[in-house]
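Step one of this worksheet: look at the structure below.
The values are calculated or read from the model by the stated rules, or taken from the named source; none is laboratory data. Keep in mind it's a predicted model, so treat the numbers as computed, not measured. Glycine also receives a Cβ, built like all others from the backbone with ideal geometry; neighbour counts cover every protein chain displayed. The accessibility values were calculated without ligands, DNA or RNA, using every heavy atom of the protein model including side chains. Shrake-Rupley method; radii C 1.70, N 1.55, O 1.52, S 1.80 Å.
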Amino acid sequence: MARKKIVAGNWKMNLDRAAATALAAGVAARRGEVSAVHLVLCPPSVYIGTVGTALNLSGDTSPSGVWLGGQNMHDKASGAFTGEVAPGMLVDMGCRYVILGHSERRTLFGETDATVNAKTKAALAAGLVPIVCVGETLEEREAGNTQAVVTEQVRGSLAGLSPGELSQVVIAYEPVWAIGTGRVATPEQAQEVHALIRSLLGSMASPTVAADVTIQYGGSVKPDNAAVLAAQPDIDGALVGGASLKVDDFLGIAAAFNS
Ligand code: PEP
């Protein structure tokens, strides 16, 4: 997948059906304002069908130009996994993307790099674009371990992928201390880790593959701080939590990447 600007909204466990429909329709209606940016909406799984209808998704096309993503999935295709969603089910409902290894999945639901690695492989096999999340905690940053932690997460989460598979992946660098806290990384802090991730991809695959991978920043991105992040050479978009729940804020962030 060629590198492009991707702004994705992680709605987490928020909204009801009517609000999800209105938010998706509101984004789709103004999608033309940010036509250079690839927009992705990731609703709670029970609302994926509803949002797909609001986006007018049909098969592999999105007339609205807004794409659908899951927030999580299981790595198996089917079976006795109560409460879980299979990769093929997301595809069946029109999803093209899936967020994997979000820090809330890692810290609240015990996901490890090995879990994320299995899910990443399953997503690619199903034809989904995985948005693989990595990022250090505040303690890890303050102890000077950011680079080591992110390196281990990238290597572990993407272990065993071929260069061709690596070129299909989107990575989201989300410092845990910046998620939902209102405390955004400085553009320099974010750029430093994005450059590290790109150089890791270079050594895992090739510089050509590394140059092709979209690396998003996530963590308290808002319309008023998105432009300085977007100006960094290795920041190719945003994974947005809180601000993705309002049409104006989500599109305001996308506007910063629309060049
Ligand atoms: C997220 O959960 O991925 C996220 C970045 O959240 P927020 O934008 O609210 O910090």
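Considering each residue of the stretch 180-224, count those that are surrounded by fewer than 17 Cβ atoms within 10 Å (Cβ to Cβ) and among the aromatic types (F, W, Y), and give that number. Residues that pass the stated criteria total 0.
Scan the stretch 1-22 for residues that are at pLDDT 95 or above and in contact with a strand residue (DSSP E or B) (Cβ under 8 Å, 6 or more places away or on another chain) and the total you get is 8. Just one residue in the set V27, V46, V85 is over 17 Å from G237 (Cβ atoms) and outside any loop (DSSP other than H, G, I, E, B); that residue is V46.
Scanning the stretch 22-57 for residues that are β-branched (V, I, T), over 28 Å from D212 (Cα atoms) and open to solvent by less than 50 Å² (accessible area, probe 1.4 Å) turns up I48, T50, V51. In this structure, A126 does not satisfy being open to solvent by less than 20 Å² (accessible area, probe 1.4 Å) and more than 22 Å from A238 (Cα to Cα). Applying the condition of being of a type in the set (A, V, I, L, M) and either farther than 16 Å from P44 by Cβ or open to solvent by less than 40 Å² (accessible area, probe 1.4 Å) (or both) to the stretch 86-112 and asking which residue is nearest to the ligand (Cβ to nearest atom) yields I99.
Evaluate the following for L15: is it open to solvent by 30 Å² or more (accessible area, probe 1.4 Å), within 16 Å of the ligand (Cβ to nearest atom) and touching a residue at least 60 places away in the same chain (Cβ under 8 Å)? When the stated conditions are applied, L15 passes them.
Kindly establish whether A148 is aliphatic (A, V, I, L, M) and at pLDDT 95 or above. Against the criterion (aliphatic (A, V, I, L, M) and at pLDDT 95 or above), A148 qualifies. All of (1) more than 22 Å from K12 (Cα to Cα); (2) crowded, with 16+ Cβ neighbours inside 10 Å; (3) more than 17 Å from the chain's Cα centre (by Cα) hold for T137 with one exception: (1).
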